[in-house]
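Reviewing the structure listed below.
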Amino acid sequence: MTEDSKVVPLRQPDEIDDPLTAVLRTGARRLLEQAIEAEVAAFLAERKDLKLPDGRDRLVRHGHGPERVIQTGIGPVEVRRAKVRDRGAENGGERIDFTSTLLPRWARRTRSLDALLPILYLRGISTGDFQEALAALLGKEAPNLSPAVLVRLKEDWAADYARWQGRDLSARRYVYVWADGVYLQARMEPAAECMLVIIGATPEGRKELVGFQVGVRESAQSWRELLVDIQARGLAVAPELAIADGALGFWKALEEVFPATRHQRCWQHKSVNVLNKVPRSVQPAVKRDLREIWMAPDRKTAEAALVTFEKKYAAKYAKAVECLTRDREALLAFYGFPAEHWDHVRTTNPIESVFATVRHRTFRTKGALSQQTARLMVFKLITAAAKTWRRLQGENQLPKVIQGITFRDGIEVSDPASQDAA
């Protein structure tokens, strides 16, 4: 080689040269450092009155810990943990420690990645293949996510699930509950098993996961076991309204465990059942007519639309009409509750929307997943999704529902005489 020769590095096939990603990582690091500094400043300000006998501050800044890499959705980000020194502990006093809520002491990845891992597992990726799959998302330098770490993480999920299953519900109250059985046959060994899910609405309008377990189809026995377990852990007050599809097992179990709870049949499931009993060419018209019923502004209009539907289709499609009319009362129960809540309580969408992604990712997956692993993976997906669940509209109406105030066509009946008549 001559003196003028230069070695030109060639770009490797798996190397990603993305200036935008580099800028995002740099910006993320700076923002995180600024946030941690603000967190330390607030911690010291709250304890500025703590002094040593000689008048000096007891708590002072003490530099930073060693740099470490945090795996994020935009790749690895290098950060340093701010440290606080407790000079009072040097004389035998009880130590006051600073722990960052943004950057816990042992954090190695963001919570968004913890939600990604069960999705990959359900998608059919084995534990041994995780490193390769994550390298495509996070880059080849992706420490802290080795197969051994993932196995330990799954063990942590099992511990989280066990704690959640044993939690005390004596202080909880749920105004509405949604129940559904979700089938994930593509990744579960026994095809007859499904996920039994119950989501509840608190008096403050928040949605929470109340019950979750694997059951044998949607049998009354499986639902009874889940409802009895919830009741045994302290849920003594029955929900005001339960929303579910036509699975007879749930309604039978509900009658035994919470007989005071009113029934609302899911309109989405019922519409699908009715449409399945008419030719495809007629389905658009039937769908519009069904919508005229459940979107009616009051019960009288809905009942009139239902009678019209019966007259229009009974001659040719008797089975479809019978499927709709046999659940007349349960389908129209929502008119006895605040109108602000109708969009929430007419369907089991709070459950369906949560599992839409899970179904999409597991429908075409080959291979079997053990019952225990499937339960843990889906549990982690639900808990991750719960952070973004939409609150109920009109939460100020929920205390009135609890008090037993009468609602007619979604409007509060304030006249006592009218309430007695209702």
Response to the item:
Thr362 vs (1) among the polar types (S, T, N, Q); (2) crowded, with 22+ Cβ neighbours inside 10 Å; (3) at pLDDT 80 or above: all pass except (3)
Worksheet item: Across the range 20-77, what is the total count of residues that are part of a strand (DSSP E or B), modelled with pLDDT under 60 and closer than 22 Å to Thr99 by Cβ?
Response: 2
Worksheet, complete the sentence: With the first residue restricted to the range 381-405 and required to be under 15 Å from Asp160 (Cβ atoms) and in contact (Cβ under 8 Å) with a residue 60 or more places away in the chain, and the second required to be of a type in the set (A, V, I, L, M) and not in a helix (DSSP H, G or I), Cβ contacts under 8 Å at 6 or more apart or on different chains are Ile382/Val197; Ile382/Leu209; Thr383/Leu209; Ala386/Leu209
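Confirm whether Ala320 is among the small types (Gly, Ala, Ser), under 27 Å from Gly211 (Cβ atoms) and either surrounded by 15 or more Cβ atoms within 10 Å (Cβ to Cβ) or out of contact with any strand residue (DSSP E or B) (no Cβ under 8 Å at 6 or more places or on another chain) (or both). So that I can check it myself, show each step before the final result.
Working: among the small types (Gly, Ala, Ser): yes; under 27 Å from Gly211 (Cβ atoms): no; either surrounded by 15 or more Cβ atoms within 10 Å (Cβ to Cβ) or out of contact with any strand residue (DSSP E or B) (no Cβ under 8 Å at 6 or more places or on another chain) (or both): yes.
Taking the combined requirement at face value, the residue does not satisfy it.
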Worksheet item: Is one or more of the residues making up the range 342-354 modelled with pLDDT under 70 and under 24 Å from Gly205 (Cβ atoms)?
Response: yes
Item to complete: Could you tell me which of the residues Trp342, Trp294, Trp267 is touching a Gly at 6+ places or on another chain (Cβ under 8 Å) and either within 26 Å of Val413 (Cα to Cα) or in contact (Cβ under 8 Å) with a residue 40 or more places away in the chain (or both)?
Response: Trp342
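The values are calculated or read from the model by the stated rules, or taken from the named source; none is laboratory data. In this text, all values refer to a predicted model and were calculated from it rather than measured experimentally. Virtual Cβ from ideal backbone geometry, glycine too; neighbours counted across all protein chains shown.
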